[in-house]
Amino acid sequence: MRFQPGQSGNPAGRPKGSVNRQLAMLREAVEKVLPLVVKRALAGDAEAQRLILERGLPKFKAVETPIEFDLPEAGDITPARAVLQQAAAGELSLSHAKELVGSLLPVVAQEEKALAENKPHPPMGFNNAYLRSLYEQIS
């Protein structure tokens, strides 16, 4: 092993906070050029305006906000139908409802597969015609 753990190979190395020459030159150039670009942008130069807007502002990031929605109890309507009803009532946006239903489809498919493999008894209040027909097919 060349160095002991926790020991630097160059203990006297570069001091903290030091800046290399190229970076220092770039900072000086920016200090001279930036006021000129701002002046041209304020005078109506579209290229200077675009440059400031593209490089000077942080990019916007999409932010997901949590939403609340109700799912039915077992034996009631399907979760996807409950989400659609809430969207129809204006409680959920259509885009949120679409995303939720898309997320629920794999879960429903997995439950249908489990029903097909185990052949369980239908739950009380089995009022979904599609799921009832699936149960009848596998029984």
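Got a sec? Which helices (runs of 4 or more DSSP H) wholly within the range 7-103 have at least 1 residues that are in contact with an Asp or Glu (Cβ under 7 Å, 6 or more places away or on another chain) and of a type in the set (A, V, I, L, M)?
Details: elements: 21-42, 46-56, 79-88.
In the range 7-103, 79-88 are the helices (runs of 4 or more DSSP H) which contain 1 or more residues that are in contact with an Asp or Glu (Cβ under 7 Å, 6 or more places away or on another chain) and of a type in the set (A, V, I, L, M).
Go through VAL108, VAL37 for me and flag whichever is at negative phi and modelled with pLDDT of 90 or more.
Working: VAL108 fails: modelled with pLDDT of 90 or more.
Being at negative phi and modelled with pLDDT of 90 or more holds for just one of VAL108, VAL37, which is VAL37.
Out of the residues in the range 82-101 that are within 18 Å of THR65 (Cβ to Cβ) and surrounded by fewer than 16 Cβ atoms within 10 Å (Cβ to Cβ), state the one that is nearest to the chain's Cα centre (by Cα).
We begin by selecting, within the range 82-101, every residue within 18 Å of THR65 (Cβ to Cβ); these are 83, 86-87, 90-100.
Subset that is surrounded by fewer than 16 Cβ atoms within 10 Å (Cβ to Cβ): 90-91, 93-95, 98-99.
Numbers: GLY90: 23, GLU91: 22, SER93: 17, LEU94: 18, SER95: 14, LYS98: 15, GLU99: 12 Å.
In this case the residue turns out to be GLU99.
The values are calculated or read from the model by the stated rules, or taken from the named source; none is laboratory data. Note that the structure is a prediction, hence the values are computed from the model and not measured. Here the Cβ is made from the backbone with ideal geometry for all residues, glycine too, and neighbour counts use every protein chain on show.
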